[in-house]
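Here is the structure we will look at.
The values are calculated or read from the model by the stated rules, or taken from the named source; none is laboratory data. If you're wondering where the values come from, they're calculated on a predicted model, not measured in any experiment. Positions of Cβ are generated from backbone atoms using ideal geometry, with glycine treated the same way; all protein chains shown enter the neighbour counts.
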């Protein structure tokens, strides 16, 4: 009898899982479901070229529409899954359809957080940036204004990339961060210092240490009030303060969740034949032996490919080294590893170019992660060193007179 | 309109033509095995590694420093390795032959 696989969520993880299943020879039906009505698209450009150029989202499709039909992948776009019923092995859609399954893959991702503060619900012109529709709404608002003034709340990657993209259009941008410095959750001080200077050089007004307390509408603009009593009036405010993993379906189906849907080393959830991947799930990373939830394209895609193989009867454990990138102005940041738990750093500044920097995170003598700024060599070598568990001489590493060696 | 020939690791041969975009996008549109392009074409993931035919290599604009560094430790790297996302169709000589590296 033919198997039936249902994949919930059609972004990088879900889509790659569907195509990987076909590549591995899955003969059954594949149903790929997402509430987003757009043909699945690349998400990283949303805060970059999709925001500041005028191409439609169809230019950023992960695959052409014909590819889904020729691989016999049934796309259900604009439909929401209401329930997963593990006892009857069915799922219920908001269209009333009930689909039986043999395997379910949860690739539900995460939702951008809008803070619950006084005035937020009533005020217009507040945006998050997670989906194509979010960005289309931001672009429409920008187009309706002569010289839009923008406030961004949150100086993580989304906030910083959005600031860079909007500065490229010449708009005034003020960037507010609750912590005392930017990138506080994800990178060490030297990396943050580089990006602070970069954004200031490009005219971004940076305000670290500012916590939003409320917002109110002022005509067609929005006034933000901070806990120190200061205020900012802007034409629009974009929130990049983080995401919540989409775990409701999993919880209602009885799956164990922690910070996300808990999966084992095979990317299998606590209930048989239900797998999960990407931003929505948590797992113990074997290299770091800590519970992690990773928000990146790489993690979603690598877990998707592994799940496809495991559904096809293999028994593979997920141990991929996480990597990530961010492009801002003409700077490329590449990160590899997980820096949580680091207790010492090596900072390396190359002699030939003062824009080239690499930050090496150690726990004792063990290399945990590398931030490579305009320095792909540090990124690829850092990756290699970590894979080999190489013991590094930190003095040599910090010395730019000594080239990084293979 | 340029004609570009892709040869995969399984020796499948694709004769494709396009007017714009990158070789990675062209390969993806034709579902050529071994070209993933996971980063969407921004020289960040090295999942679109190709070898340019030696007769054509010099005819292409040179790779950037970042591209060369990304390739340096890739499996199957050669003197004519490139990332397909960094090669534009409009720069390709007519009849360009590329071999997918993975």
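Brief remarks follow.
- Among residues that are buried (at least 19 other Cβ atoms within 10 Å of the Cβ), away from chain B (no Cβ under 14 Å), modelled with pLDDT of 95 or more and touching a helix residue (DSSP H, G or I) at 6+ places or on another chain (Cβ under 6 Å), residue A:7 is included.
- Hits in the stretch A:247-286 - residues which are part of a loop (DSSP other than H, G, I, E, B) and closer than 21 Å to residue B:47 by Cβ: A:267, A:277
- Yes/no for residue A:41 being buried (at least 16 other Cβ atoms within 10 Å of the Cβ) and either away from chain B (no Cβ under 14 Å) or within 17 Å of the chain's Cα centre (by Cα) (or both): yes
- Among the numbered conditions (1) within 21 Å of the chain's Cα centre (by Cα); (2) in contact (Cβ under 8 Å) with a residue 40 or more places away in the chain; (3) surrounded by fewer than 22 Cβ atoms within 10 Å (Cβ to Cβ), the only one that residue A:14 does not meet is (3).
- Top-ranked residue in the stretch A:347-373 [being within 11 Å of another protein chain (Cβ to nearest Cβ) and without any contact (Cβ under 8 Å) to a residue 24 or more places away in the chain; ranked as surrounded by the fewest Cβ atoms within 10 Å (Cβ to Cβ)]: A:352
- Where residue A:53 falls short, out of the listed (1) under 30 Å from residue A:212 (Cβ atoms); (2) over 24 Å from the mean Cα position of the chain (by Cα); (3) surrounded by fewer than 16 Cβ atoms within 10 Å (Cβ to Cβ): (2)
- The stretch B:25-44: number of residues that are at the interface with another protein chain (Cβ under 7 Å from one of its Cβ atoms) and either assigned to a loop (DSSP other than H, G, I, E, B) or in contact with a strand residue (DSSP E or B) (Cβ under 6 Å, 6 or more places away or on another chain) (or both): 6
- Residues of the stretch A:331-382 satisfying the condition of being within 19 Å of the chain's Cα centre (by Cα) and in a loop (DSSP other than H, G, I, E, B): A:338, A:339, A:340
- Of the numbered criteria (1) within 30 Å of residue A:271 (Cα to Cα); (2) more than 24 Å from the chain's Cα centre (by Cα), the one residue A:111 fails is (2).
- Verdict on residue B:74 being within 14 Å of another protein chain (Cβ to nearest Cβ) and under 24 Å from residue A:12 (Cα atoms): yes
- Any hit, the stretch B:47-58, residues being buried (at least 18 other Cβ atoms within 10 Å of the Cβ), out of contact with any helix residue (DSSP H, G or I) (no Cβ under 8 Å at 6 or more places or on another chain) and assigned to a loop (DSSP other than H, G, I, E, B): yes
- Qualifying position, being more than 14 Å from chain B (Cβ to nearest Cβ) and more than 19 Å from residue A:23 (Cβ to Cβ), among A:288, A:329: A:288
- Residue match in the stretch A:374-382 (condition: within 12 Å of chain B (Cβ to nearest Cβ), under 24 Å from residue A:185 (Cβ atoms), out of contact with any strand residue (DSSP E or B) (no Cβ under 7 Å at 6 or more places or on another chain) and at pLDDT 95 or above): no
- Selection status of residue A:24, surrounded by fewer than 18 Cβ atoms within 10 Å (Cβ to Cβ), touching a residue at least 24 places away in the same chain (Cβ under 8 Å) and more than 12 Å from chain B (Cβ to nearest Cβ): yes
- Residue among A:397, A:391 that alone is surrounded by fewer than 16 Cβ atoms within 10 Å (Cβ to Cβ) and at pLDDT 95 or above: A:391
- Residues of the stretch B:4-24 satisfying the condition of being surrounded by 14 or more Cβ atoms within 10 Å (Cβ to Cβ) and touching a strand residue (DSSP E or B) at 6+ places or on another chain (Cβ under 7 Å): B:4, B:5, B:6, B:7, B:8, B:14, B:16, B:18, B:22, B:23
- Residue among A:405, A:315, A:296 that is surrounded by fewer than 21 Cβ atoms within 10 Å (Cβ to Cβ), closer than 30 Å to residue A:276 by Cβ and within 14 Å of another protein chain (Cβ to nearest Cβ): A:296
Conditions tested, residue by residue: (1) within 14 Å of another protein chain (Cβ to nearest Cβ); (2) in contact with a helix residue (DSSP H, G or I) (Cβ under 6 Å, 6 or more places away or on another chain); (3) in contact (Cβ under 8 Å) with a residue 12 or more places away in the chain.
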residue: A:28; (1), (2), (3): no, no, yes
residue: A:33; (1), (2), (3): no, no, yes
residue: A:57; (1), (2), (3): yes, yes, yes
residue: A:61; (1), (2), (3): yes, no, yes
residue: A:74; (1), (2), (3): no, no, yes
residue: A:92; (1), (2), (3): no, no, no
residue: A:102; (1), (2), (3): no, no, yes
